[in-house]
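The values are calculated or read from the model by the stated rules, or taken from the named source; none is laboratory data. On a predicted model such as this, the values are computed, not experimentally measured, just so you know. Virtual Cβ from ideal backbone geometry, glycine too; neighbours counted across all protein chains shown. Heavy atoms of the whole protein, side chains included, go into the accessibility calculation; ligands, DNA and RNA do not. Shrake-Rupley method; radii C 1.70, N 1.55, O 1.52, S 1.80 Å.
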Amino acid sequence: MYKPFGRILYGGDYNPNQWPKEVWEQDMEYFKDARINSATINVFSWAKIQPSEEEYYFDELDEIVDMLSKENYDIVMATSTGAMPSWMYRKYPEVGRVDYQGRRHKFGQRHNACPNSPVFQKYAKAIAEQLAKRYGSNPHVTCWHISNEYGGECYCENCEKAFRVWLKKKYGTIDAVNKAWNLEFWGHTVYDWDEIVAPNALGDGMENGTDTAFAGLSIDYRRFMSDSMLENFKMERDAVRPYVKDTPITTNLMGTYKFLDYFKWSKEMDIVSWDNYPSYNTPWSFTAMSHDLMRGLKDAPFMLMEQTPSQQNWQPYNSLKKPGQMRAQSLQTVAHGADTVQFFQLRRSIGGCEKFHGAVIGHVGHNNTRVFREVKQLGEELERLGTSILGAVNEAEVGIIFDWDNYWALEYTSGPTEDLTYVNQIHQYYKYFYDKNIGVNMIPFDADFSKYKIVVAPVLYMVKEGMKEALTEYVQNGGILITTFMSGLVDQSDNVYLGGYPGPLKELAGIWVEEIDALAPEQINTITFTDGTSTTCNLLCDLMHLEGAECLARYASNFYVDMPAITRNQYGKGYTYYFGTNMNKDGIAKVLEMAVQAANVAPVISEATGLEVTCRKAENCTYYFIFNFKDQVLPLPSCFDNCTDLLTGQIVTAGKMMKQYDTVLISMPN
Ligand code: GLA
Ligand code: ZN
C-alpha cells in the first residue's frame, strides 16, 4: 500500500500573499479550530517570486512557509508555473499560445503557456529548481504540485515544428504518415515533413472549430499536445526531484477532462490528484465514476486536491451546497479512494473572477458561518477517523475500459451522428453498477483483464494493437465482455478495418454489422427481448446478422424490424454481449443483470438499497461508507445493525432512517 502522508490531509489552496499579515494570524486560529492541517501554497505566485528575468524574491514565501511549518502543516508546494509573469510575455511573445484560428495570444489568463516554447521551458524549469532548492528539505513540505490544471492546446510555429519531429519519431518516413492519415483522400499527399500543417482553422480545420478533414491528423496532434505538456510536467518534476527525495510529486488533474491522456500522465506522477467540481445537477454516479477513474489511473489512492466548500463561481448556476452536502461529497471522495480532502480555497478573494467562489472563510472575515461550521465538523470527524484508512484499497470484480484515444477518435469522426459523446456512453454503463452497489474499476485498454469477472468496453471504436488478442484471450478463458455499437471500427490511425464491422471483434461477438442507422433526437425505435418484454432505443442502430451469436432482442420497429439488436456469443469458456443499439436505462439494466448473474458478481452488500454503499479495504478492516444521495429518506440496511458510526462515535441500528446527504461510516474486521 502506498501511503505518502502520515494523516488525511485536510486543507486546500491558501493565498496569504493576497492578504495583510493580521489576516494570516487570524487564519491560523480559525484553521486550527477547523482541524485544517494542510495548505497548498504558491499556486499563482510566479510574478511575485520572480519579478524579472534576473531577480528572485522569496522573503514573503519564506514567511508563509515558516508560519505553516511552525503550525505543523503538511505543505503542498506548487511550482507556480500555471500563470506566467507579464515581463515574460513582453520580452518573449512566443511564450503565449496561438489558437485554432491562428491568433497569437497576449499577456493574460493562465494555463496558457506554449508547451514547446524554449523560453517558457527555460524559466519554468529554473523557478521549479529554485523552489525545490529552497524548500525541498523542509520536512513540512510533504507534497510537490507542478503547475496547475494542465490543458488546452497551442498551434504556433514552435508547436508545428515540434509536431513534425514527433511524427518523424513515430512514423519514420513521410510515406508512413501519408498512409496512416490516408492522405490520398482529397489528394492531400505530402512529400516532405515541412509540408505537414498542424490541424487548425487555416489548414484542414472544419467549420465546427474542432474537427479536421483528417481525423488521423487531429488524433495525432491531440496525442502530441498531451505528450508536449507531459514533457513540461516531467521537466519540472525532474528539476524538483534531486532536492526532495521521495516526497510525492503530483499535478492536479480534472477527472474526465478530454485533452490529456491521463493514463499516460499518471505513469509519470507519484500520486494522482484531482479537482472535483460537480454542478448542481451532476449525477452522484458521475462523480463516483470520475473518482474511480482517477483512482484507476494508478490503481491506487489519490488526492482530492480541490473542491469548493460551498459554491463555485464559474458554472452557469452556482448553487450552494445544502447542509450536509459538502460532508457527504467529501466522504464519497474518500470512499472511492481519496486520502486527502482539500478545498479551493481557504479564504475567499476580494477581486478577480473568483471573488464569488466559495471558501472556508468568506468575505465576512470571521468563522461564525454555516460553511465554516460544516468544514469544522468534517475536520473533527476526519481526525476521529484516524489514519488506518490511508492506503486502503477499493476492490472490484467489474472493469470498465476508459481510453483517451477512443475518446478523441470517437468524437473526431464525422458521422454517423453528432450526438454521440464518449463520457456519457461510459457513464450509462457505470451507472447500472453504481445503482446496484457493485464496485467498478476504471481500467486502461491494456489492463490485466483477467482480474475481472466482467469487462465492459462501451463504444470501443478504436481497437489498438494487441487489444484484439487480449480481449480474445480474456473471453476464451471464461471472461464476460460487454461491448456495443461503434466498436471495432478503426485501427489506431483511424482507418477502418475491412471485412465487415465490428472488425477485430467480429468473431468474438459472433455477428456481422452490415449498416449503422442514426436516429435524430425525436426518433426512437423499439426492441423486443426473447421473453416478450420490450424497451426503447435511440441514437444508433446496428443492422446486423448473426454469425454464431444468439439473439437476445430484436428490433420491433423500422424497416429493420426482426433483425437482431442485442446478442450474446459463447466464445471459449466465456461470453461476449453485444449491444447493437443505445437502449434506455431499463434495457441496459436488463442485459447487464444477465451478465452479472452469469458472472456471479457480488454487490458490496447483498441487501438491495437505494443508498450508496462503497467500501475500502485496509490492512485489518474494511470500511463501509453509506450515503443517502436520494431526495427521500431511506433505511440503514440490516447488515449494519448495532455497528459504531466512526464519524459520530454513535451506535447505529438497522432501519435508522437516513435523510438526504446523511452519511454513516462503519468498519468491520477483515
Ligand atoms: C481550478 C483551479 C483553481 C481555481 C478553481 C476554481 O480547479 O485549479 O485555481 O480556479 O478551479 O473552481
Ligand atoms: Zn505553441
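Among strands (runs of 3 or more DSSP E) lying entirely in region 521-593, which contain 3 or more residues that are assigned by TED's automatic domain parsing to the domain that holds Y501 and surrounded by 22 or more Cβ atoms within 10 Å (Cβ to Cβ)?
Result: 534-546, 564-571, 574-579, 581-583.
Within region 310-341, how many residues are within 11 Å of ligand 1 (Cβ to nearest atom) and either closer than 30 Å to P20 by Cβ or open to solvent by less than 10 Å² (accessible area, probe 1.4 Å) (or both)?
5
Open to solvent by 20 Å² or more (accessible area, probe 1.4 Å), within 24 Å of E157 (Cα to Cα), of a type in the set (A, V, I, L, M) and modelled with pLDDT of 95 or more - does that describe any residue in region 83-92?
Yes, region 83-92 contains a residue that is open to solvent by 20 Å² or more (accessible area, probe 1.4 Å), within 24 Å of E157 (Cα to Cα), of a type in the set (A, V, I, L, M) and modelled with pLDDT of 95 or more.
Can you spot a residue in region 409-421 that is closer than 17 Å to K585 by Cα and either surrounded by fewer than 19 Cβ atoms within 10 Å (Cβ to Cβ) or among the acidic types (D, E) (or both)?
Yes, that holds for at least one residue.
Test each condition in (1) more than 18 Å from V43 (Cβ to Cβ); (2) crowded, with 23+ Cβ neighbours inside 10 Å; (3) touching a residue at least 24 places away in the same chain (Cβ under 8 Å); (4) not aromatic (F, W, Y) for K168 and report the one that comes out false.
Unmet for K168, out of (1) more than 18 Å from V43 (Cβ to Cβ); (2) crowded, with 23+ Cβ neighbours inside 10 Å; (3) touching a residue at least 24 places away in the same chain (Cβ under 8 Å); (4) not aromatic (F, W, Y): (2).
When region 619-650 is examined, which residues are found to be assigned to a loop (DSSP other than H, G, I, E, B) and over 21 Å from G379 (Cβ atoms)?
Selection gives E619, N620, N628, F629, K630, D631, Q632, V633, L636, P637, D641, N642.
Which of the residues spanning region 142-164 are more than 10 Å from ligand 2 (Cβ to nearest atom) and closer than 12 Å to S228 by Cα?
Y150, G151, G152 - these are the residues of region 142-164 that are more than 10 Å from ligand 2 (Cβ to nearest atom) and closer than 12 Å to S228 by Cα.
If you take the residues of region 132-141 that are touching a Leu at 6+ places or on another chain (Cβ under 9 Å) and open to solvent by 40 Å² or more (accessible area, probe 1.4 Å), which of them is farthest from ligand 2 (Cβ to nearest atom)?
H140
Criterion first (in the same structural domain as G351 (by TED's automatic domain parsing), touching a residue at least 12 places away in the same chain (Cβ under 8 Å), open to solvent by less than 40 Å² (accessible area, probe 1.4 Å) and away from ligand 1 (no atom under 16 Å from the Cβ)) does V43 satisfy it?
no
Name every residue in region 274-298 that is among the polar types (S, T, N, Q) and open to solvent by less than 10 Å² (accessible area, probe 1.4 Å), in order of residue number.
N276, S285, T287, S290 - these are the residues of region 274-298 that are among the polar types (S, T, N, Q) and open to solvent by less than 10 Å² (accessible area, probe 1.4 Å).
Go through region 594-607 and report how many residues are in a helix (DSSP H, G or I) and either within 27 Å of the chain's Cα centre (by Cα) or of a type in the set (A, V, I, L, M, F, W, C) (or both).
Matching residues across region 594-607 total 5.
Residues checked against (1) in the same structural domain as L331 (by TED's automatic domain parsing); (2) away from ligand 1 (no atom under 16 Å from the Cβ); (3) assigned to a loop (DSSP other than H, G, I, E, B):
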{"position": "K3", "(1), (2), (3)": "no, yes, yes"}
{"position": "V23", "(1), (2), (3)": "yes, yes, no"}
{"position": "E29", "(1), (2), (3)": "yes, yes, no"}
{"position": "I36", "(1), (2), (3)": "yes, yes, yes"}
{"position": "A39", "(1), (2), (3)": "yes, no, no"}
